Amino acid sequence: MNAPTALAHTSAQPIALPVPDATGIYTFPDDLDHAHHQWTHQLLTRHRARDHQVIELMAPHSGQPHFIKLRRPVGRPVLALEPHHDDFTLSAAGTFLARPRPLTVATVFTRSTSVHPSLEYAYSTESAVSHLRDREGAAALAPLGATRLALGHKDAEPPYRPYGQGRLDQITEQLRSIVAAHPDAELLAPAAVTRHPDHLLVHEAAVRLGCRWFWEDLAFWPTYALAGCDQHLFRSRARAELVPSLVDITSVVLDKCTVLRMHGSQMYPARKMYRPIRHAWTVAADRLGSSGTYAERFYRTESL
């Protein structure tokens, strides 16, 4: 059985955070949900006491308020290239909550008809879905003070097919102009560990643009990588020179839960949005062998 681990925060009373079981894939989502509610209540109290470091976020679909500490970015700027509005948030937001840096996020595929099946009646058009996803992206990135850029492409729909060379060339050139406008920024992009053509395309475009820093998609990895054929697919795409590294996000994992509630305001049940958190613990357990650590995994083609 799982045992709670004390998670240190700036508040006087630490929050008890549940730790996944020995496999790391399963946890007590209700316990994590309870810990998150406690943390949100503490931040609400600070917000009501006029602590200007704590801001209110409104989940775009549900309208539920949440509270989070505003980050103050320092250091070299980062330009993150993401396929969809939620990819950076799912896979790298914890790192930037823990180590905030000046951030610009360029989202390639911003037109969509993909919405939770239970909400198809409420968001029945491409415009409605795209507007919801845009608001979710804005709310998720608000604590980081990120600049958002939208390229306006339509995302791929099942059954997935390989992307065309012409589309890759077009999107690469659009991203090239964005990169040129941010000459001092370090490039960050997905490692394309899924078979989704949008992820593969953005990864290839980023490689063309000289990107050497990639995040692993924690949202999809536990789904796809359990099959041996998918592990082989990832290894074939991840070049030998890619070196994996971890960033410990244990101290900010409850804030990441808040960010996940922004990007996934349409998710039902709400605990489904904890899947990236579950796998974040699995990654750390596999790599570090230490219980109670949450982490995000990245790959680089050169050392820091």
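Every number here is computed from the coordinates shown, using simple stated rules; none is lab data. Just so you know, these numbers come straight off a predicted model, no measurement behind them. Counting neighbours? That spans all protein chains shown, and the Cβs are built from the backbone with ideal geometry, glycine included.
Structural remarks
- For segment 75-300, the antiparallel share of DSSP beta bridges with both residues in that region comes to about 35%.
- HIS37 versus SER114: modelled label distance in nm, points set 7 Å from Cα along the beta carbon direction: 3.1
- In terms of its alpha-carbon gyration tensor, segment 75-300 comes out rounded; the largest-to-smallest axis ratio a/c stays below the 1.5 threshold.
- Loop GluC sites (Glu not before Pro), segment 34-137, which have at most 15 other Cβ atoms in a 10 Å radius of their Cβ (DSSP): GLU120
- Computed label-point distance, nm, for sites TYR160 and GLN64 using a 7 Å Cα→Cβ extension: 2.9
- Segment 116-211: C-alpha gyration tensor shape, a/c 1.5 cut-off, then a/b vs b/c: oblate
- Label-point separation, LEU151 to ARG72 (7 Å along Cα→Cβ), nm: 3.5
- Here the gap between SER251 and ARG300, fully extended at 0.36 nm per residue and compared with their Cα-Cα distance, gives a gain of 15.3 nm.
- DSSP assigns beta bridges within segment 57-193; of those with both partners inside it, close to 10 percent run antiparallel.
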